[in-house]
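Chemist: I have a structure I would like to understand better, so I am pasting it below and will then ask my questions one at a time.
The values are calculated or read from the model by the stated rules, or taken from the named source; none is laboratory data. Every value quoted in this text rests on a predicted model; they were computed, and no experiment measured them. Here Cβ is always computed from backbone atoms with ideal geometry, including for glycine, and neighbour counts include all displayed protein chains. Ligands, DNA and RNA are excluded from the accessible area calculation, which covers all protein heavy atoms including side chains. Shrake-Rupley method; radii C 1.70, N 1.55, O 1.52, S 1.80 Å.
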Amino acid sequence: MNNMTYNSPILVIEGIDVPHHFIYPVFVLLLVTYLIILTTNIGVMLLIMIDRSLQTPMYLLFFSLSFNDVLGNTVLLPRLIFDVVSTDRSISYSLCVSQAFFSHTYGTSCHTVMMIMAFDRYVAICHPLRYTSIMSPAMVAKLTASAWSTSITLVSILLGLTVRLSRCRSVILNAYCDNASLFKLSCEEVTINNLYGLTFMVVLFSSSIGSVAFTYFRILISCVSKKNKELNRKAVQTCASHLVLYLIMLWSGFLIIISHRLQIHNSYRKMAAILFHIIPANINPIIYAMQTKELRNKIVQILHSKVNQLQ
């Protein structure tokens, strides 16, 4: 009887356990965090769209990264904020699958977009004379489309293997819907799901780490061999922000994998999953604004004009 299949159309999200006297402070904290993510990332996206001088491959790829951050957190935070103050944590199965799809697409696209950004930096530093011909608008469009289509395809297969399963449970043991929580609702054999999920993660992380490590190794060799101070300065300026963002994203992703595989306490696993979304999305526009001269100057100009208007 424990393995009875009933495929309930309504699920319940376990959510995060917040002490009663902390409910509203946590609500305000999450709401402010979400608003900051929207303001900074959409602000950067609008600035890139409006200012033609910023419509270069590097900034167009950063536009894609900011769009991904807005997507990933819009899928997660509004629902999480609602669940903090609500006693009704029910969600339809179809909506839960949709949330899992966009959440995993966000995580996968973080890697694919960062891989393209690393390639862009490699071409800019190691082949500066051929940069405009290699990273043409058509090439940037193709690379961006391939990054998103690869993510969507991989995640579609991942969740396709899950939705085929019948369900004998209805409680999502996480702060939000994800693939692992969904297939754990089933009492069927999920070996195929585990194998594909593991293969998915190994291929994604090995491709991501391998390509980024290779491009930065080539950049390092180029800087050492040419012994050009101007080239070295440019390499540090343009690569530092990308590398910091990549390492933050990579560490956040590893926290989720470790928490699932090592059966870490449920509360820590939920926290790791939430931090994977909100930390990179908050830090990305700040680091890029600080490390890239053009974007920093544009932001300073806008702030100065606003201050002058108020005076």
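Chemist: Would you mind calculating the relative contact order of the chain from Cα pairs under 8 angstrom and at least 6 residues apart, reporting the percent as a whole number?
Modeler: 26
Chemist: With the Cα gyration tensor of the chain in hand, convert its eigenvalues to equivalent ellipsoid semi-axes via √(5λ) and list them largest first in whole Å.
Modeler: 38, 25, 16
Chemist: Can you work out the FRET efficiency for the pair Q301 and I36, with r the C-beta to C-beta distance and R0 = 25 Å, to the nearest 0.05?
Modeler: 0.70
Chemist: May I pose another question? Can you list the cysteines of the chain that have no other Cys Cβ under 4.7 Å away?
Modeler: That list is C110, C126, C223, C239.
Chemist: A follow-up question, please. Once you have all Cα-Cα distances for the stretch 122-279, histogram them in 10 Å bins from zero and send the whole-percent values.
Modeler: 9, 27, 30, 18, 12, 4, 0
Chemist: Suppose every Lys and Arg Cβ carries +1 and every Asp and Glu Cβ carries -1, with no other charges. What dipole size does the chain come out with about its Cα centre, to the nearest 20 debye?
Modeler: Computed about the Cα centre, the dipole is about 1040 debye.
Chemist: Same structure again: Summarise the accessible area of the chain (1.4 Å probe, protein heavy atoms) by the percent that is carbon and sulfur.
Modeler: Summing carbon and sulfur atoms, their accessible area is 70 percent of the total for the chain.
Chemist: Keeping every protein chain present and rolling a 1.4 Å probe, give me the accessible area per residue for the chain in Å².
Modeler: Result: 51 Å² per residue.
Chemist: Taking the C-alpha atoms of the stretch 106-189, how large are the radius of gyration and the largest Cα-Cα span, Dmax, in Å?
Modeler: Considering the stretch 106-189 through its Cα atoms, Rg and Dmax are 19.2, 61 Å.
Chemist: With +1 assigned to the C-beta of every Lys and Arg and -1 to the C-beta of every Asp and Glu, and no other charges, what is the dipole magnitude of the stretch 170-255 about the Cα centre in debye, to the nearest 20?
Modeler: Charge dipole of the stretch 170-255: 860 debye, to the nearest 20.
Chemist: Report the one residue of F101, S66, A175 whose Cα lies farthest in the direction of the positive end of the charge dipole of the chain (charges on C-beta: Lys and Arg +1, Asp and Glu -1; origin at the Cα centre).
Modeler: S66
Chemist: Continuing with the same structure: So for each of 142-155, 198-211, 16-29 I average, over its residues, the number of other beta carbons within 10 Å; can you give me the resulting order with the highest mean first?
Modeler: Order by mean packing, descending: 142-155, 198-211, 16-29.
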